[in-house]
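See below for the structure under consideration.
Quick note: the coordinates plus some simple rules give every number you see, no bench work behind them. Since the structure is predicted, the reported quantities are computational estimates derived from the model, not experimental observations. Don't worry about glycine lacking a Cβ; one is built from the backbone with ideal geometry, like all the others, and counts go over all protein chains shown.
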């Protein structure tokens, strides 16, 4: 199994029987998957803790119930991704694109989403406790029943965002 970047160059090669197993094996071995092309991959339940996926193309990927705690996904494209109940605790998601992504029940506790694009994303019941959302674009995002306690929203765009039942508490 080979994992390639967007130019078609091999980033990682192994004898795994599925793409999910290959990605998990690469992460376990500490391989960098920066710039990986994983469009529309089915990686539900994958353990990708600490993954290095900066600039990766994860458009339309399915990563439901996956573990991306401490992962680095700077400038990654996750538009239209299915990320329900996925954990991003302490993840670095600066300038990530999550337009129209399904993030219901996702856990972003302490994650860095500075200047992230979440336009039209669905974050119902998500945990953004202590997350950095400075300069993030949340236009048209559904944030119903989401916890934003201790989160930084300085300069964030919340135009037309749905905020029913959102838990807000001023950051100290």
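Working from Cα pairs under 8 Å separated by at least six residues, relative contact order for segment 37-172 is 15 percent.
The long axis of helix 19-28 is offset from the longest Cα principal axis of the chain by roughly 80 degrees. List the pair-distance distribution P(r) of the chain, using every Cα-Cα distance, as the percent of pairs falling in each 10 Å bin from 0 up to the bin containing the longest distance, rounded to whole percents. The calculated distribution, bin by bin, is 12, 43, 30, 12, 2, 0.
Considering only alpha-carbon pairs that sit under 8 angstrom and 6 or more positions apart, the relative contact order computed for segment 12-111 is 20 percent.
For the pair residue 150 and residue 18, label points projected 7 Å from Cα toward Cβ lie 3.6 nm apart.
For the listed peptides 24-30, 4-10, 92-98, 145-151, a ranking on the average number of other beta carbons within 10 Å per residue, highest first, reads 92-98, 145-151, 24-30, 4-10.
Descending by average beta-carbon neighbour count within 10 Å, the peptides 106-113, 11-18, 61-68, 152-159 line up as 106-113, 61-68, 152-159, 11-18, the highest first.
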